[in-house]
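K.L.:
This is the structure, below, for whatever I ask next.
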Amino acid sequence: MDFVFDTVGGTITNDSTKVLKKGGVLVTMNGQPDEKLARELGVSVLRQSTKNSQSNLEKVTKFVESNSIHPVVH
C-alpha cells in the first residue's frame, strides 16, 4: 500500500505500518506508531488528532495534489 489511514490504533497501527511499501505513509488517529520500525521499513508515520497540525496536513495535501496516492478502501 502507498498510504494507510489508521483510525483504530493499538496493534493495528504497527500492523498497518508493515503493509506499506517503501516510501509509503501511515497516518494514525489513535495509535502510537513505532518510529524505529518505520525507519527500518523506509516508510513515514504521522500522528493525527482532532487538533490538526498544519505541518501534517500540508504533507498530506502535497501527496493529494501531486497525485502520489491512489486510495484503496479496504
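The values are calculated or read from the model by the stated rules, or taken from the named source; none is laboratory data. This one's a predicted model, so the numbers in the text were calculated from it and none came from an experiment. Cβ atoms come from the backbone with ideal geometry, glycine included; neighbour counts cover every protein chain shown. With ligands, DNA and RNA removed, areas are computed over all heavy atoms of the protein, side chains included. Shrake-Rupley method; radii C 1.70, N 1.55, O 1.52, S 1.80 Å.
K.L.:
For region 38-60, give me the residue count where each residue is at pLDDT 95 or above and either more than 12 Å from the chain's Cα centre (by Cα) or surrounded by fewer than 12 Cβ atoms within 10 Å (Cβ to Cβ) (or both).
P.N.:
Number of matching residues: 4.
K.L.:
Kindly list, by first and then second residue, each pair from a residue in region 24-49 that is more than 17 Å from residue 68 (Cβ to Cβ) and of a type in the set (Val, Ile, Thr) to a residue that is part of a helix (DSSP H, G or I) and open to solvent by less than 20 Å² (accessible area, probe 1.4 Å), limited to pairs with Cβ atoms under 6 Å and residues at least 6 apart or on different chains.
P.N.:
Note: pairs meeting the criteria are 28/13.
K.L.:
Okay, next question. Just one of the numbered conditions (1) open to solvent by less than 100 Å² (accessible area, probe 1.4 Å); (2) without any contact (Cβ under 8 Å) to a residue 40 or more places away in the chain; (3) of a type outside the set (Gly, Ala, Ser); (4) in a helix (DSSP H, G or I) is not true of residue 63; which one?
P.N.:
If we test residue 63 against (1) open to solvent by less than 100 Å² (accessible area, probe 1.4 Å); (2) without any contact (Cβ under 8 Å) to a residue 40 or more places away in the chain; (3) of a type outside the set (Gly, Ala, Ser); (4) in a helix (DSSP H, G or I), just (2) comes out false.
K.L.:
Across region 1-19, which residue is farthest from residue 69 (Cα to Cα) among those that are part of a loop (DSSP other than H, G, I, E, B) and in contact with a Leu (Cβ under 8 Å, 6 or more places away or on another chain)?
P.N.:
Here the residue is 1.
K.L.:
Can we say residue 9 is modelled with pLDDT under 95 and buried (at least 19 other Cβ atoms within 10 Å of the Cβ)?
P.N.:
For residue 9, the condition - modelled with pLDDT under 95 and buried (at least 19 other Cβ atoms within 10 Å of the Cβ) - is not met.
K.L.:
Could you say which residue among 33, 71 is modelled with pLDDT under 85 and assigned to a loop (DSSP other than H, G, I, E, B)?
P.N.:
After applying the criteria, what remains is 71.
K.L.:
Residue 22 - would you say it is open to solvent by 50 Å² or more (accessible area, probe 1.4 Å), part of a loop (DSSP other than H, G, I, E, B) and of a type in the set (Lys, Arg)?
P.N.:
yes
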